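Read through the structure below, which is laid out as structure tokens, and then see the notes.
The values are calculated or read from the model by the stated rules, or taken from the named source; none is laboratory data. Bear in mind the structure is a predicted one, so any value in this text is a computation, not a measurement. Reconstructed Cβ throughout: ideal geometry from the backbone, glycine too, with neighbour counts over all protein chains shown.
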Amino acid sequence: MNFDNTSKTKKLALGILFDALGYVSFVFPFFDLIWAPAAGYLMTRMYKGNAGKVAGVITFIEEALPVFDVIPTFTMMWVYTYVFKGVKTEKIIEID
């Protein structure tokens with residue numbers, strides 16, 4: 001998956017959706033076997049660099065452990081990236 005040209009609003013919406021998917025394991029506990037590695041991978045694709053790699057590992061651990069699914073790691077990473085670090089998104093203009 002490529003999230004390079006995704007706006008910060010869409011990343012927030014996707015992050016909230018991915019955090020909500022983590023709650024599925026409260027009903028189906030074995031969902032974590034699939035979701036934990038997928039969530040870690042998605043986190044590294046949404047956020048580049050070392051911060052994305054660290055967040056991917058944290059997300060994997062958080063989703064793999066049974067009680068910690070309530071932590072919204074995707075949303076927290078969005079807040080870290082766009083509020084605390086102040087990353088600005090650029091408008092990409094394609095010239096045909």
In the set Met77, Met1, which member is surrounded by fewer than 17 Cβ atoms within 10 Å (Cβ to Cβ) and either on the phi > 0 side of the Ramachandran plot or touching a residue at least 24 places away in the same chain (Cβ under 8 Å) (or both)?
Met1
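For the stretch 7-25, what are the residues that are under 25 Å from Val87 (Cα atoms), part of a helix (DSSP H, G or I) and of a type outside the set (Val, Ile, Thr)? It would help to see each step written out before you state the result.
Step one: list which residues in the stretch 7-25 are under 25 Å from Val87 (Cα atoms), which gives 7-20.
Right, trim to part of a helix (DSSP H, G or I) and you get 8-20.
Passing the criteria: Lys8, Lys10, Lys11, Leu12, Ala13, Leu14, Gly15, Leu17, Phe18, Asp19, Ala20.
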Considering only residues of the stretch 45-96 that are in contact with a Lys or Arg (Cβ under 9 Å, 6 or more places away or on another chain) and of a type in the set (Gly, Ala, Ser), which is modelled with the highest pLDDT?
Gly56
Take the stretch 47-57 and flag every residue that is of a type in the set (A, V, I, L, M, F, W, C) and touching a helix residue (DSSP H, G or I) at 6+ places or on another chain (Cβ under 6 Å).
Ala55
Picked from the stretch 1-17 (must be touching a helix residue (DSSP H, G or I) at 6+ places or on another chain (Cβ under 8 Å) and either of a type in the set (D, E, K, R) or more than 20 Å from Asp69 (Cβ to Cβ) (or both)), the residue modelled with the highest pLDDT is Lys11
Can you pull out the residues in the stretch 18-44 that are loosely packed, with under 14 Cβ neighbours inside 10 Å and either modelled with pLDDT of 95 or more or not hydrophobic (A, V, I, L, M, F, W, C) (or both)?
Tyr23, Pro29
Check Phe30 against each of (1) aromatic (Phe, Trp, Tyr); (2) touching a Phe, Trp or Tyr at 6+ places or on another chain (Cβ under 9 Å); (3) free of Cβ contacts under 8 Å to residues at least 40 places away in the same chain and name the one condition it does not meet.
(2)
